[in-house]
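The values are calculated or read from the model by the stated rules, or taken from the named source; none is laboratory data. Owing to the predicted nature of the structure, the values given are computational and were not obtained by experimental measurement. So basically every Cβ, Gly included, is an ideal-geometry build from the backbone, and we count neighbours across all protein chains shown. Calculation scope for accessible area: heavy atoms of the full protein, side chains included, ligands and nucleic acids excluded. Shrake-Rupley method; radii C 1.70, N 1.55, O 1.52, S 1.80 Å.
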Amino acid sequence: MKDLRRYFCFAAALIPLPSLAQESNLWSYSCDHFLHGSCLRIPHGMSVSYEAPADFGLHRVHSDGREVVMVYEGDAPSRPPAGVPDVTLGMPGHLLHAFKVREAGGVRYDLHVSSSVSDAMSLHLTGQTTNAAEQAALAAVLGGFRICSFKRSRTAQRLVCPRRSAWGQALSAWVADEVVEKPLAE
């Protein structure tokens, strides 16, 4: 009985560890917020709101009352900033161009995802940071971003999302201004 009690005390002490470890590598965890053709793993302590003002959707990720990132999904995203993207990532049927624009008082991050699939909506992710804490929050959210696909049959369709994010680690490192050992373009 004494050994069993020690085991449960030890196990209880370890429970918070996975949640703390999760913040640094959300690309390796399953999604918990689904969009049309993509999904996110939302970091602990953050929330998501959704609105459909017209024929498009806006997903907003919030932390401590502040918008961390806004995801537009629809057929008419904003145009990418002029110039060469800081990051270009690809996967079959999808291409991501990411731009970091330094502005007075902060940095704006624009990520544009286009698809060669005819019924896939374009995605435009935007975030703005003014300090290291906001930058870390944005890096965590983008670390959990991934592209999904629809599997269709005659009578149904289902969204299939990868368990691990192909782009998450590279996007998280890009936002955090870290050097990534593997090339960013895949």
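Worth pointing out:
- Residue match in region 1-16 (condition: under 21 Å from ILE147 (Cα atoms), at pLDDT 50 or above and not aliphatic (A, V, I, L, M)): no
The rows are residues; the columns are (1) at pLDDT below 90; (2) assigned to a strand (DSSP E or B); (3) within 22 Å of LEU159 (Cα to Cα).
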site	(1), (2), (3)
VAL68	no, yes, no
VAL71	no, yes, yes
PRO85	no, no, no
LEU96	no, yes, yes
TYR109	no, yes, no
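- Scanning region 122-137 for residues that are open to solvent by less than 70 Å² (accessible area, probe 1.4 Å) and β-branched (Val, Ile, Thr) yields a total of 2.
- Residue count for region 133-154, restricted to those that are under 11 Å from ALA166 (Cα atoms) and of a type in the set (Phe, Trp, Tyr): 1.
- Filter pass, ARG102 being open to solvent by 30 Å² or more (accessible area, probe 1.4 Å), assigned to a strand (DSSP E or B), of a type outside the set (Gly, Ala, Ser) and more than 18 Å from GLY143 (Cβ to Cβ): yes
- Test: HIS94 is farther than 15 Å from MET121 by Cβ and in contact with a Ser or Thr (Cβ under 9 Å, 6 or more places away or on another chain): no
- Which listed residue, of SER49, SER24, SER30, is of a type in the set (Ser, Thr, Tyr) and either modelled with pLDDT under 70 or in a helix (DSSP H, G or I) (or both): SER24
- Checking region 108-121 against the condition returns a match, with at least one residue being buried (at least 17 other Cβ atoms within 10 Å of the Cβ), touching a helix residue (DSSP H, G or I) at 6+ places or on another chain (Cβ under 8 Å) and farther than 16 Å from VAL48 by Cα.
For every residue, the table says whether it meets (1) buried (at least 18 other Cβ atoms within 10 Å of the Cβ); (2) over 11 Å from the mean Cα position of the chain (by Cα); (3) modelled with pLDDT under 90; (4) of a type in the set (Gly, Ala, Ser).
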| residue | (1), (2), (3), (4) |
| --- | --- |
| ALA139 | yes, no, no, yes |
| GLY143 | yes, no, no, yes |
| ILE147 | yes, no, no, no |
| ARG164 | no, yes, yes, no |
| GLN169 | yes, no, no, no |
| SER172 | yes, no, no, yes |
| ASP177 | no, yes, yes, no |
| LYS182 | no, yes, yes, no |
